[in-house]
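Everything on this sheet refers to the single structure shown next.
No lab work stands behind these numbers, since they all come straight from the coordinates. Remember, it's a predicted structure, so these values are computed and weren't measured experimentally. As a convention, Cβ positions derive from the backbone with ideal geometry for all residues, glycine included, and neighbour counts pool all protein chains shown.
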């Protein structure tokens, strides 16, 4: 898949967060929550909840994900 196809598959916002972790076939590691925790701060400098953190979790829980045969990768249903 091209990067544009992968971007279209995942959507702009999720692609921005996970682009370095999505392989050339459009699959993301199934431990995507760890990526969010490691790369997006939960709170801003004023200790307010970071909207990107919240929106990313929300988007991931609200899309239908397909899991590969061994359960290590996910992708949106195509």
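Key figures for this structure:
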quantity: The chain, Rg to Rh (Cα coordinates; Rh as Kirkwood inverse mean 1/r); calculated: 0.99
quantity: Cβ-based exposure ranking for 56, 72, 2, 29, in which fewest neighbours within 10 Å come first; calculated: 2, 72, 29, 56
quantity: Under 15 Å from the residue 30 label point (7 Å along Cα→beta-carbon), backbone N, the stretch 49-78; calculated: 65-76
quantity: Expected 222 nm ellipticity per residue - DSSP helices of 4 or more, -39500 (n - 2.57), all of the chain, to 500; calculated: -12000 deg cm²/dmol
quantity: Projected label distance in nm at residue 37 and residue 1, using a 7 Å step from Cα toward the beta-carbon; calculated: 2.6 nm
